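Report on the following structure.
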Amino acid sequence: MLRRALGLLPRPIAAARARSFSTDLPAAHTADATFMEAWNKVMPNTDPPKTPLSFMHPRPPTPSSIPPKLTVNFVLPYASELSTKEVDMVIVPATTGQMGVLPGHVATIAELKPGVLSVHEGSETTKYFVSSGFVFIHANSFADIIAVEAVPLDQIDANLVQKGLADFTQKLSSATTELEKAEAQIGIDVHSALNSALTG
Amino acid sequence: MASNAAVPFWRAAGMTYITYSNICANLVRNCLKEPYKTEALSREKVHFSISKWTDGKPEKPTLRSDSPEE
């Protein structure tokens, strides 16, 4: 049965145009040749319109040796915290634990939990408390960190954190529906993360 | 391959990731020190008007300024 299935495979693959993986595509965007010809026939004296793809900076290709620095893009919905900043290491609060990202890290997508993100550059460390988000680490030592809310640790008020923790612990014990329990649990998680960020 | 890996507790309770993420962000904003807290909360305010349509005609629009808490 398997052999017959294997025999069926090559036909559809040959018929469909071979699709390359996104990592194998050429780094620079080349204009479509058939479009250019058709355009030049109709309007030879005007430049063709630019497509959105040509405005995008192509991702730098994966170098053959590990680069010395990690390039980090750290963005929030309302601001770009770090934009192609070269750093030595970042430690991100992934759901699977604190993850250290060094240049040459394997390509990874990680979901973030509420926690501390620290950016290490030379001898200085900048810490942010991140509410949640994702980190995309690419094979060419570029890391994109996207968070909904990220604040430097000194902007957090310890009293409000303690109060919130007490409130939500109390809400959890008095919660009835699944949704209320989940919300109370989220509150506890976030506030305990804030607490350990302030004390740790 | 297990396609039903252990789901996070909020997903099991029927909450989507966006709701979870927004709740976390609001909780963090509420724990900020004073000037930053008012900046953050005012940044997240939304102000919009909704009009329902019935029989192809819009009814009177209602203005809403939802504060970020809900």
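Each reported figure results from applying straightforward, stated rules to the coordinates on display, with no laboratory input. This one's a predicted model, so the numbers in the text were calculated from it and none came from an experiment. No Cβ is skipped: glycine too gets one built from the backbone with ideal geometry, and neighbour counts run over all protein chains shown.
Taking amide H as placed 1.01 Å from N in the peptide plane, the amide H of A:SER132 sits under 5 Å from that of A:VAL148, A:GLU149, each at least 5 places away or on another chain.
Computed from phi, the 3J(HN,Hα) profile of the range B:59-65 under the Karplus parametrisation 6.51, -1.76, 1.60 (θ = phi - 60°) reads 8, 5, x, 10, 8, 10, 10 Hz, with x in place of Gly and Pro.
Computed extension length for A:ALA33-A:ASN159: 39.0 nm, one decimal, from 0.36 nm per residue of separation with the Cα-Cα distance subtracted. Label separation (A:THR95 vs A:MET43): 4.8 nm, computed from points 7 Å beyond Cα along the C-beta direction.
Of the cross-linked pairs A:LYS171/B:LYS45; A:LYS113/B:LYS37; A:LYS127/B:LYS37, those separated by over 24 Å at the C-alpha level are A:LYS171/B:LYS45.
Partners of A:LYS163 within straight-line reach, counting aspartates and glutamates whose Cα lies under 12 Å from its Cα and excluding those fewer than 8 residues away in the same chain: none found.
With both bridge residues required to lie in the range A:70-154, what share of the DSSP beta bridges run antiparallel, to the nearest 5%? It would help to have the intermediate numbers written out before the result.
On the way: 34 of 39 bridges.
Restricted to the range A:70-154, the bridges split so that about 85 percent are antiparallel.
When a/c is below 1.5 the answer is rounded, else prolate if a/b is larger than b/c, else oblate, so apply that to the range A:70-154 with a ≥ b ≥ c taken from the square roots of the Cα gyration tensor eigenvalues. Cα axes put the range A:70-154 in the rounded bin.
Under the combined filter of DSSP loop state and at most 15 neighbouring Cβ atoms within 10 Å, the range A:37-124 retains these chymotrypsin sites (Phe, Trp or Tyr not before Pro): A:TYR78. Neighbour counts of other Cβ atoms within 10 Å put A:SER118, A:SER174, A:SER54 in the fewest-to-most order A:SER174, A:SER54, A:SER118. First check a/c for the range A:111-163, with a ≥ b ≥ c the square roots of the eigenvalues of its C-alpha gyration tensor; if it is under 1.5, answer rounded, and if not, answer prolate when a/b is larger than b/c or oblate otherwise. Judged from the Cα gyration tensor, the range A:111-163 comes out oblate (a/c at least 1.5, b/c at or above a/b). Here the 3J(HN,Hα) profile of the range B:26-34, calculated from phi with Karplus coefficients 6.51, -1.76 and 1.60 at θ = phi - 60°, is 5, 4, 5, 4, 6, 9, 8, 6, 3 Hz, Gly and Pro shown as x.
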